[in-house]
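Following: one structure in structure tokens, then a few remarks.
The values are calculated or read from the model by the stated rules, or taken from the named source; none is laboratory data. Every value quoted in this text rests on a predicted model; they were computed, and no experiment measured them. When we count neighbours, we look across all protein chains shown, and the Cβ atoms used for this are built from the backbone with ideal geometry, even at glycine. Protein only, heavy atoms only, side chains kept; ligands, DNA and RNA dropped before computing areas. Shrake-Rupley method; radii C 1.70, N 1.55, O 1.52, S 1.80 Å.
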Amino acid sequence: PPPPADGRLRRGIAEWKIERLGPLPPHAVVCYERAAGRVAKWREKSGAELSATPPVELLRALVHVTGVPTAVASEADHFWLPALGRWASVGEALRMFAVPLNFPLARSLLSIPAVRAMAILGRAVHVESAMRAVRIVLPALPAWRAIRYASACSGVDLIGAALERLAPGRWYYAFASEMKADVATALVAAWPDLCIEDVRDDARAAEATVDAPEVDLWVFTPPCEAYSRRNHKRSVAGVLSAATDLELMLAYPRARRPRAIIVENVDEPEARIAISAALLGIRDYEWQTFLSAASEYGPVERERRFWAGVRRE
């Protein structure tokens, strides 16, 4: 829903006096919560009043006209289009993530409240980036039968969208794990061959790991909050807890030995170290890792680290 005319967002942007930038193109973007935080820091550091107008140099950094900042999982911090006076639509965000709008996945996100859909996309990967990882493992997957596929910490699973782009109709969804009930419902709507009974609610539990069925490709997008630089409450305890959960979730490939594994997370030192060390502990896999920036494929900023592993025969 649009923010009220006297609401925090409109009042805050009015204080910035963005008309100083001149006419803005319709694709100009403001991520208000992040931008307001930067203005507050500038005011504090400079000793300015609480409603002081930021300098033009800072304003140019707050109003993005050459690219779209990365999406986040916050239900407050979405893409505001100041020249149009509205939020970016879910369909526009799906295009930023390279999701074809005729996919059931797109229809699933377009059918739920926009605030939730945008927050769900804030945890997703860019489809073109994921396709790079899928291309690495695809030669190791069966060509003579349907590929059995599963995901952990699934979200709505844009790695599945990458597989569908590269191997349309050649795979089926065996099971998934997702703790949030509304996201699990969206996931099932996104992938018609997946039933709600096939979605585990805890990727650490035995039913999602040692007791889960065998698959050919297992993809894993562990929570990144503990590692993300956008988490201003990062702590050593949080990183250690995330590493413990990571080990529990990796019980699946240790027990079931899928032909191929794809893992994705933020490209932060703590994440790279924890995930690389854990994956090297899974015997008999050859690993490749790479950093992929969504800006290679379109206007949106989103850097993610991928690990692609193939089991030695």
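Beta carbons closer than 7 Å, at least 6 apart along the sequence or on distinct chains, pair a first residue in region 284-313 that is on the phi > 0 side of the Ramachandran plot and touching a residue at least 24 places away in the same chain (Cβ under 8 Å) with a second that is charged (D, E, K, R) and surrounded by fewer than 20 Cβ atoms within 10 Å (Cβ to Cβ) for ASP284/ARG311; ASP284/ARG312.
Exactly one residue among PRO192, PRO168, PRO142 is open to solvent by less than 10 Å² (accessible area, probe 1.4 Å) and either at pLDDT below 95 or not hydroxyl-bearing (Ser, Thr, Tyr) (or both), and that residue is PRO142.
Among the residues of region 107-139, the ones that are surrounded by fewer than 23 Cβ atoms within 10 Å (Cβ to Cβ), hydrophobic (A, V, I, L, M, F, W, C) and not in a helix (DSSP H, G or I) come to 1 in all.
Of all residues in region 271-283, those being of a type in the set (D, E, K, R) and either crowded, with 19+ Cβ neighbours inside 10 Å or under 21 Å from ASP211 (Cα atoms) (or both) number 1. Among the residues of region 286-313, those that are in contact with a strand residue (DSSP E or B) (Cβ under 9 Å, 6 or more places away or on another chain), open to solvent by 10 Å² or more (accessible area, probe 1.4 Å) and hydroxyl-bearing (Ser, Thr, Tyr) comprise THR289, SER295.
The number of residues in region 255-313 that are among the small types (Gly, Ala, Ser) and over 22 Å from the mean Cα position of the chain (by Cα) comes to 3. When PHE175 is tested against the conditions (1) open to solvent by less than 60 Å² (accessible area, probe 1.4 Å); (2) closer than 24 Å to SER241 by Cβ, the lone failure is (2).
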